[in-house]
Every structure is written in structure tokens, then in C-alpha cells.
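Peer 1: Input: one structure, supplied below.
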Amino acid sequence: MTENVSIIGLGKLGASMVAGMASRGLNVIGVDINRNAVDAVNAGRAPVQETGLDEMIGQHRERIRATLDTTEAVLQSDISFVIVPTPSDERGAFTLQYASYAFKALGQALKKKDGYHVIVLTSTVLPGATRHGLLPILEKESGKVCGRDFGLCYNPEFIALGSVIRDFLNPDFYLLGQFDERSGDLLESVHNKVSENAAPVKRMTIENAELAKIAVNSYVTMKISFANMLSEFCENIPGGDVDVVSDALGMDKRIGRKYLTGGFGFGGPCFPRDNVALNFMGNSLDVDSRLLAENDDYNRNLAKRYVARLQRDLPKGANVAVLGLAYKAHSHVIEESPGILLCKALSEAGYRVIGHDNLAAPYAETALKMSSLVTDSLEEALKDAQVVLITTNDPDYLALTADQVARDQDSVTIVDFWRTLGHLAEDSRVRYLPMGRCLDDAGAAEKLEPLWTS
Ligand SMILES: NC(=O)c1ccc[n+]([C@@H]2O[C@H](COP(=O)([O-])OP(=O)(O)OC[C@H]3O[C@@H](n4cnc5c(N)ncnc54)[C@H](O)[C@@H]3O)[C@@H](O)[C@H]2O)c1
């Protein structure tokens, strides 16, 4: 067991790990190539925006410090976690460009260290990357041998932006890929100290852990797409209601209810790219991974399908407000956001679009500058809107009243992807369209009946 750890990369995940580990009594040294991030941590502030991070770094300041110097961090700790970016490359795989640079510095630091040290890669990578892409850099730069002079593990985290610290301290399980037992033992002892919920540890080879990490994300996206497909089924079946069907599915222990709500596509910095990357791996290894490619294609096409479905119900050229531009509520992240794709698809279909988001508006403005107006004022977004589409479960949207949405209009159409604003349906000025439910039972029955009577 060690009391001293270092974290290489003070971004959204790395800085949260610094705070989380310090809160559990470890002494943590953070390293970043960005001086602003290092200065912020040393001043007791969060270098990035994440729920509770600023407070936690401030609270545990006496056990946290940061440096630009990887060697200093390695010499003063027994284990180093590497959480640098691994963005997608042109093949759809994850580039090791940043990780290679970090591993080079770590190798040079290991050369100067006498005692045993474990390097842990936490960044998301594909199978084979740690052993074949990064380990040789450590051995070359240090002149040492893995398994004898130092240890190596792959240990990804399962966290969601907005709840990174809570997720990090309370995971369902720890996924631990180990080069050898000794490396895994030290890492497991750190986890046992850090875990607030005594999460079980699954130890395995590095390659199995690399595959398991990306498989978890990919599988979750398949559940989301499956639920979105069920939504469309329900819209075409008399009395169809995706919540009723998903609740039934969720009762089956083999399936479970999570991620089956049926609403909107998946987005954000991890899910879409992880799917694409696993498919790249499948193609490279001659594995039939069409499921993944289909899922990605289905998800990317959703916005256009929604618009095609809605065109039947929405007046041509109407003023449309899209509420929710980040990929989920409480987030400023618009990366691969379905809300952004929806704005673009509506604009292409000839609607005049204004997008709203409390946090993401400044980022969305750049992404949508050719197609839509963007505002962070809900009042402004709703002012002239004849149609309002609600894409995220933001509490401001859940609390919308009929007076707010129909203030200056005789009537307004609400398209509710999450079916949470049923109370608005009671107002005569509101035409309420919950997606995932059948809106025309007679029409649906008419289409269904000939399948069985002819
Ligand atoms: N953010 C998430 O939701 C999430 C979830 C699971 C996994 N991950 C994975 O974690 C990794 C990091 O993600 P993030 O969102 O924290 O990234 P980020 O971009 O927020 O932060 C990365 C940090 O690493 C620093 N950095 C880059 N090269 C460095 C180097 N050589 N030495 C020291 N610091 C360096 C950058 O300056 C930056 O501060 C990625 O592989 C990502 O896929 C992220």
C-alpha cells in the first residue's frame, strides 16, 4: 500500500481523480504540460469545470500539489496514473500521440528512480495499445524492464461528465488490466483505499481490460438505440407507449431498465467515438462488427428521421425553438450533440431555428452559426416560437408552464422527446406531441389491420 500517487494530465477526469484521491487521504501530485492547469491546482482551484471539483480541491489542498515536471512527480510517488487525451484519428482509432509524449517523460523519470514504480494508463485506448504502443517507449527511455524494474497496468474509469467525482469514488467495479501480479497488487491496494463503496475489482490481462472498457460503452449505446427504435415502433402501434414497453423489458433481469428510456440519440465525447473505434478494431482484425457500424449510422441519422416524422405535424417554415443543445442536461459539452444535429436538420428542412441552452450556448453559437440562432435566454427562445422541441431533461424545461410557452401565440406545438411535460397538454393553447407514444390510434390501427386481415 502506498500513500503517494501522481496523476499525469489534469483535465476533466485527471483533476477529478486528484481531488477524489486526496479526499480519501492520499498525497497526490498532479502533472500537466499546461501551466494554467498546474497553477490552478497549486492555488487550490479546479483547472476545469466539473461538479464539486473546485470545492474538493480547495478542501484537501494540504494533500495536493501540481508540477510541470514528470520526474519530480515520479520520484515522490509510487504509482502514476496517466489520463491524457486520446482523440480519434482519421481511421476512427484513438491516437497515442499525447500518451506517447507522456510515456516518454515517464520513461526518462523511471531511469532516475531507484525503487519500484507502477505506471497506470487510464486514458481510453484500443486493445494492444498499452503493450505494443506505449510499453516499448517506457523500456527504451528508462533502460529498464517491465515486470522486473517497474510495473504497468491499464485501468480505465467509468464516469459521466457532471458526476465524475461521485462516479470515480463509487464505481460499479474496478477494471484492472495488469502486466503482472505485482503491478496489479499495488494498484488494487490504492483502489481499496479510494473506493467509498468497496467496489469489487476485476483483474485480468491488459488486453482484456482494454476490450472490456470500450465494450461497456459500446453496449450501452446499443441499449439506447434499441430504446429509440422501440419509441418509433410505439408511435406506430395503437395506444403505443415506449415507457410501458421499456418498463416491461426492464423487469427482465437479463436486460435491466437503465438506458432504455427511449428519447434522443446518444452523443458526447465518449459514446459515439468509442463505437467507431471498436468497429475500426473489428475491421482491422476481420471480426464481423457490423452491429457497431449500424448502431453508429442509426444514431447519426436520428435527427433527420425525427425531422421527417415531425414534418407531417409541423407547419412548413415555422419558427422552431430547440431547447437543449448540450449532449445532456447540466452540461456545456456540445461534442457530437444530437441537439446540434437536430437544429441543423430542421434548418435544412426550411424551419427557422433558435436553439437554447443555459450552459452550452456560447459553444453552440460557433457550431450553429450557419444554420440557427442561439441564445441562453429561455424567454428569448420562446418569444416567437410556434414549435418547441425539448431535447434534454434540464429542470428549467421540466418546469415550463403553458403561459411561458404560449405567451404571445394563439397556439404552440410542444415536441417532447422525454415525455416529461404532460401537464402542458391540458392547456387549450398547447398541442402536445410526446415522442414515443402513438398520436393517432385510428391511423395506426388502419396500417396495422391489413397485415392480419388480408
Ligand atoms: N471525460 C470523460 O468523460 C472521460 C470518460 C472516460 C474516459 N475518458 C478518457 O480519459 C482521457 C482524458 O480525458 P479528459 O476528458 O480528462 O481529457 P481533457 O482533455 O479534459 O484533459 C487532458 C489533460 O491532459 C493534459 N496533457 C496532455 N498531454 C500531456 C502530457 N504529455 N503530460 C501531462 N499532461 C498532459 C492536457 O493539458 C489536459 O489538461 C481520454 O482518453 C478520455 O477518452 C474521459
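Peer 1: Quickly run through region 156-173 and pick out the residues that are within 16 Å of Ala215 (Cβ to Cβ) and either out of contact with any Phe, Trp or Tyr (no Cβ under 9 Å at 6 or more places or on another chain) or more than 12 Å from the ligand (Cβ to nearest atom) (or both).
Peer 2: Pro156, Asp172, Phe173
Peer 1: If I filter region 65-94 down to residues being near the ligand (Cβ under 10 Å from one of its atoms) and not in a strand (DSSP E or B), which single residue comes out as farthest from Ile119 (Cα to Cα)?
Peer 2: If we take residues in region 65-94 being near the ligand (Cβ under 10 Å from one of its atoms) and not in a strand (DSSP E or B), then Pro87 is farthest from Ile119 (Cα to Cα).
Peer 1: Restricting attention to region 195-208, does a residue exist that is away from the ligand (no atom under 16 Å from the Cβ), more than 26 Å from Glu3 (Cβ to Cβ), in contact with a strand residue (DSSP E or B) (Cβ under 8 Å, 6 or more places away or on another chain) and among the aliphatic types (A, V, I, L, M)?
Peer 2: Yes.
The rows are residues; the columns are (1) of a type in the set (Asp, Glu); (2) out of contact with any helix residue (DSSP H, G or I) (no Cβ under 8 Å at 6 or more places or on another chain); (3) surrounded by fewer than 24 Cβ atoms within 10 Å (Cβ to Cβ).
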site	(1), (2), (3)
Ala40	no, yes, yes
Ala43	no, yes, yes
Leu53	no, no, yes
Thr67	no, no, yes
Thr71	no, no, yes
Val84	no, no, no
Tyr101	no, yes, yes
Lys113	no, no, yes
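Peer 1: Identify all residues within region 33-51 that are near the ligand (Cβ under 7 Å from one of its atoms) and either over 19 Å from the mean Cα position of the chain (by Cα) or among the acidic types (Asp, Glu) (or both); write none if there are none. Spell out the reasoning first.
Peer 2: Step one: of region 33-51, the residues near the ligand (Cβ under 7 Å from one of its atoms) are 33-34, 37, 47-48.
Scanning region 33-51 gives Ile33, Asn34, Ala37, Pro47.
Peer 1: OK, next. Can you say whether Thr130 is part of a loop (DSSP other than H, G, I, E, B) and touching a residue at least 24 places away in the same chain (Cβ under 8 Å), as far as the supplied structure shows?
Peer 2: No; evaluated as a whole, the condition is false for this residue.
Peer 1: Quick one: which strands (runs of 3 or more DSSP E) lie wholly within region 331-427 and hold at least 2 residues that are over 27 Å from Leu260 (Cα atoms)?
Peer 2: On the way: elements: 352-356, 373-375, 387-390, 412-416.
Output list reads 352-356, 373-375.
Peer 1: So which residues in region 395-419 are hydroxyl-bearing (Ser, Thr, Tyr) and either surrounded by 15 or more Cβ atoms within 10 Å (Cβ to Cβ) or outside the structural domain of Ala381 (by TED's automatic domain parsing) (or both)?
Peer 2: Hits for region 395-419 are Tyr397, Thr413.
Peer 1: Could I ask something else about it? So which of Leu230, Leu285, Leu249, Leu278 ends up being in contact with a Gly (Cβ under 6 Å, 6 or more places away or on another chain) and among the aliphatic types (A, V, I, L, M)?
Peer 2: The conditions single out Leu230.
Peer 1: While we're here: Looking at region 233-288, which of the residues that are of a type in the set (D, E, K, R) and touching a residue at least 40 places away in the same chain (Cβ under 8 Å) is farthest from Arg309 (Cα to Cα)?
Peer 2: Within region 233-288, the subset of a type in the set (D, E, K, R) is 235, 241, 243, 247, 252-254, 257-258, 273-274, 286, 288.
Pick out the ones that are also touching a residue at least 40 places away in the same chain (Cβ under 8 Å) and you get 235, 241, 243, 273-274.
Values: Glu235: 10, Asp241: 17, Asp243: 20, Arg273: 27, Asp274: 29 Å.
In this case the residue turns out to be Asp274.
Peer 1: Just for region 1-32: of the residues that are in a loop (DSSP other than H, G, I, E, B) and under 17 Å from Leu121 (Cβ atoms), which one is nearest to the ligand (Cβ to nearest atom)?
Peer 2: Checking each candidate, the answer is Gly11.
Peer 1: Starting from residues that are touching a strand residue (DSSP E or B) at 6+ places or on another chain (Cβ under 7 Å) and not aliphatic (A, V, I, L, M), keep the ones in region 130-141 and report whichever is farthest from Glu188 (Cα to Cα).
Peer 2: Looking at residues that are touching a strand residue (DSSP E or B) at 6+ places or on another chain (Cβ under 7 Å) and not aliphatic (A, V, I, L, M), I get Glu139.
Peer 1: Now, a different point. Need the failing condition index for Asn36 against (1) in a loop (DSSP other than H, G, I, E, B); (2) without any contact (Cβ under 8 Å) to a residue 24 or more places away in the chain, just the number.
Peer 2: With respect to (1) in a loop (DSSP other than H, G, I, E, B); (2) without any contact (Cβ under 8 Å) to a residue 24 or more places away in the chain, Asn36 is out only on (1).
Peer 1: May I pose another question? Which residues, taken from region 325-353, are under 16 Å from the mean Cα position of the chain (by Cα) and either of a type in the set (Gly, Ala, Ser) or outside the structural domain of Val307 (by TED's automatic domain parsing) (or both)?
Peer 2: Hits for region 325-353 are Ala326, Ala329, Ser331, Ser337, Gly339.
Peer 1: Continuing with this model, one more query. Scan region 101-125 for residues that are within 13 Å of the ligand (Cβ to nearest atom), of a type outside the set (S, T, N, Q) and assigned to a loop (DSSP other than H, G, I, E, B) and report the count. Give the steps one after another, and end with the answer.
Peer 2: Start the filter on region 101-125 by keeping residues that are within 13 Å of the ligand (Cβ to nearest atom), which leaves 101-109, 119-125.
Then keep just the ones that are of a type outside the set (S, T, N, Q); that gives 101-107, 109, 119-121, 125.
The next check asks that each one be assigned to a loop (DSSP other than H, G, I, E, B); those that pass are 125.
Count: 1.
For every residue, the table says whether it meets (1) more than 16 Å from the ligand (Cβ to nearest atom); (2) touching a helix residue (DSSP H, G or I) at 6+ places or on another chain (Cβ under 7 Å).
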| site | (1), (2) |
| --- | --- |
| Phe233 | yes, no |
| Val244 | yes, no |
| Lys258 | yes, no |
| Gly262 | yes, yes |
| Gly267 | no, yes |
| Phe271 | no, yes |
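Peer 1: To continue, here is another question. When region 305-328 is examined, which residues are found to be of a type in the set (A, V, I, L, M, F, W, C), more than 12 Å from His356 (Cα to Cα) and either out of contact with any strand residue (DSSP E or B) (no Cβ under 9 Å at 6 or more places or on another chain) or exposed (fewer than 15 other Cβ atoms within 10 Å of the Cβ) (or both)? Break it down stepwise before answering.
Peer 2: Pass one, region 305-328, residues of a type in the set (A, V, I, L, M, F, W, C): 307-308, 310, 314, 318, 320-323, 325-326.
Next cut, more than 12 Å from His356 (Cα to Cα) only: 307-308, 310, 314, 318.
Of everything in region 305-328, those that are of a type in the set (A, V, I, L, M, F, W, C), more than 12 Å from His356 (Cα to Cα) and either out of contact with any strand residue (DSSP E or B) (no Cβ under 9 Å at 6 or more places or on another chain) or exposed (fewer than 15 other Cβ atoms within 10 Å of the Cβ) (or both) turn out to be Val307, Ala308.
The values are calculated or read from the model by the stated rules, or taken from the named source; none is laboratory data. Computed from a predicted model, the values in this text were never measured in an experiment. Here the Cβ is made from the backbone with ideal geometry for all residues, glycine too, and neighbour counts use every protein chain on show.
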